[in-house]
Ligand code: UN1
């Protein structure tokens with residue numbers, strides 16, 4: 001059983017050494033790193049304190065003053081090289097994601113692919129930071145808008161996508177002319193160190209090819225909450241993009257607002273799917289299984305609530321239960337495993353608490369028990385749980401970061417739609433149907449109130465091309481594709497008079 005036979009620390013160390021990271025960085029620090037695969041310690045990482053963080057942010061601000069002057073397509077060249085280095089490091093970084101975050105190999109690799117994809121996107125974007133030319137009411141005038149670099153971009157990321165979320169923000173921020181400061185989750189510093197080393201490799205090649213780039217263009221700050229606070233409070237950080245819990249967002253958001261800094265918040269999700277009478281149930285089963293059990297239910301976009309029409313309930317739900325009972329749970333590094341471990345004991349306790357509360361609220365729980373406790377005493381593997389609920393109450397309206405799927409029967413479409421929207425979170429959602437009217441209603445103005453609304457696919461696993469984020473307690477931010485880049489730049493409206501008179505707008509007269 002690889003849970004005990006693989007030297008996870010040794011493997012992680014080899015990957016970091018291969019990227020040129022000195023051993024002291026991950027072996028001689030104060031922050032212990034555990035792999036959820038075994039629950040054992042795999043490294044000790046050096047941390048910074050808030051004062052060091054503030055000094056580093058100042059240095060990153062200096063870098064911004066230079067980087068903003070580099071033409072955007074030249075900035076894109078650095079991101080192109082980052083994409084190349086990520087391609088070269090894909091297997092290693094993907095494996096490190098599996099070791100440190102507990103994702104199955106395919107999902108670890110998928111996460112790195114997501115980084116590569118956003119780099120490609122950002123390279124193209126570096127030649128497309130378009131502003132509008134706008135008709136003016138004044139003769140011999142031109143009105144236009146220009147997009148300028150904004151400043152230091154702070155990035156706060158969570159353990160569950162330890163590297164992709166950084167890359168969504170980093171790739172866009174860099175082509176937009178910003179410098180970046182990254183505070184990763186304390187649970188996943190090794191993958192952050194590896195990503196920073198990969199960035200340094202790209203930067204070295206960029207400079208060797210004759211390009212100029214300032215020192216401290218990208219700063220990694222490993223540390224606890226005080227470091228995050230130093231970033232959020234620093235007057236020279238005009239934008240913080242933070243991914244994590246709604247609780248974290250409630251702390252970060254008001255602080256940024258108080259100093260009029262921008263926030264891109266990607267907080268909790270409590271994502272639902274509606275299964276209607278016409279749904280293709282084979283497709284639905286696969287869609288639900290991946291969305292609810294994939295990544296052990298630890299995606300912001302994981303499926304947590306399933307509304308099943310009464311005419312298909314007794315067909316679909318038993319099939320789902322069968323899939324839940326047989327899904328391979330185990331070491332994420334082993335071929336064939338589909339569900340890896342929870343990140344830590346606190347996640348396991350949170351799951352058990354939610355299941356107990358669900359029972360209390362009248363739910364029938366199948367699964368949810370701890371597995372492999374003897375093979376890996378400090379790791380937390382669980383059988384994913386299905387909970388049939390009489391109604392949407394208790395823990396169903398909360399986000400529990402674990403593989404729990406609450407299933408509720410419905411009889412009328414509008415009720416299912418209302419249930420989809422009746423939670424405080426608004427990240428992702430989906431409908432399984434072949435009824436065009438239901439599908440269109442779901443994505444319409446009176447449909448799902450989430451930032452993501454899908455048809456015949458689950459709520460998770462978004463591509464980078466679309467803007468990613470959600471409404472309500474999810475925080476309202478948008479990262480990644482579409483025009484999310486605008487959040488990383490400042491817009492200036494310019495009116496230019498190329499005539500020799502001075503007509504005033506709105507016909508105002510002011511003759512002196
Ligand atoms: C997250 O869980 O924070 O759509 C991000 C998805 C992934 C990203 C999830 N592309 O599931």
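Each value in this text was obtained by applying a stated rule to the coordinates, not by laboratory testing. The structure presented is a predicted model; accordingly, all values stated were derived computationally and were not measured. Positions of Cβ are backbone-derived with ideal geometry, glycine not excepted, and every protein chain shown enters the neighbour counts.
When both region 263-294 and region 459-512 are represented by their alpha-carbon centers, they are found 32 Å apart. Computed packing ranks the peptides 263-273, 227-237 as 263-273, 227-237, most packed first, by mean other Cβ atoms within 10 Å. So the label point goes 7 Å from the Cα of residue 31 along Cα→C-beta, right? Which residues of region 97-117 then have their backbone N under 15 Å from it? Under cut-off, by backbone N: 100-101. Modelled label positions at residue 52 and residue 84, each set 7 Å beyond Cα in the direction of Cβ, lie 3.3 nm from each other. Dividing the mean sequence gap of close Cα pairs (under 8 Å, 6+ apart) by how many residues region 39-166 holds gives a relative contact order of 26 percent. Between the beta carbons of residue 508 and residue 41, assuming R0 = 60 Å, the FRET efficiency works out to 0.25 to the nearest 0.05. The alpha carbons of region 418-512 give a radius of gyration and a Dmax of 21.9, 70 Å, in that order. Packing around the peptides 417-427, 487-497, 389-399, taken as the average count of other Cβ atoms within 10 Å per residue, puts them in this order, highest first: 417-427, 389-399, 487-497. Normalised Debye scattering of the chain at q = 0.05, 0.07, 0.08 Å⁻¹ gives log10 I(q)/I(0) of -0.21, -0.41, -0.53, counting only Cα atoms as equal scatterers and leaving out solvent. Here residue 436 and residue 229 are evaluated by their C-beta separation; at R0 = 51 Å the FRET efficiency comes out at 0.55. Roughly how many whole Å is it from the C-alpha centroid of region 351-405 to that of region 226-252? Centre-to-centre distance over Cα atoms comes out at 31 Å. Once you order the gyration tensor axes a ≥ b ≥ c over the Cα atoms, which shape class does region 125-250 get: rounded for a/c under 1.5, otherwise prolate or oblate by comparing a/b with b/c? Judged from the Cα gyration tensor, region 125-250 comes out oblate (a/c at least 1.5, b/c at or above a/b). Between residue 415 and residue 456, what FRET efficiency comes out of the Förster formula 1/(1 + (r/R0)^6) with R0 = 22 Å and r the beta carbon distance, rounded to 0.05? The pair residue 456/residue 415 has a calculated efficiency of 0.60.
Return the calculated 222 nm mean residue ellipticity for the chain, to the nearest 500 deg cm²/dmol, obtained by summing -39500 (n - 2.57) across DSSP H runs with n ≥ 4 and dividing by the residue count.
Only helices count here, giving -13000 deg cm²/dmol.
Each residue, residue 397 and residue 251, gets one label point 7 Å from its Cα in the Cβ direction; the gap between the two is 2.5 nm. Using C-alpha pairs under 8 Å with a sequence gap of at least 6, the mean separation divided by the residue count of region 262-396 gives a relative contact order of 21 percent.
Evaluate the relative contact order of region 116-232 (contact order divided by residue number), counting alpha-carbon pairs under 8 angstrom at least 6 apart; express in whole percent.
RCO, region 116-232: 24 percent.
Take the Cα of residue 91, step 7 Å toward its Cβ, do the same at residue 349, and the gap between the two points is 4.1 nm. Ranked by the mean number of other Cβ atoms within 10 Å of their residues, highest first, the peptides 126-136, 142-152 fall in the order 142-152, 126-136.
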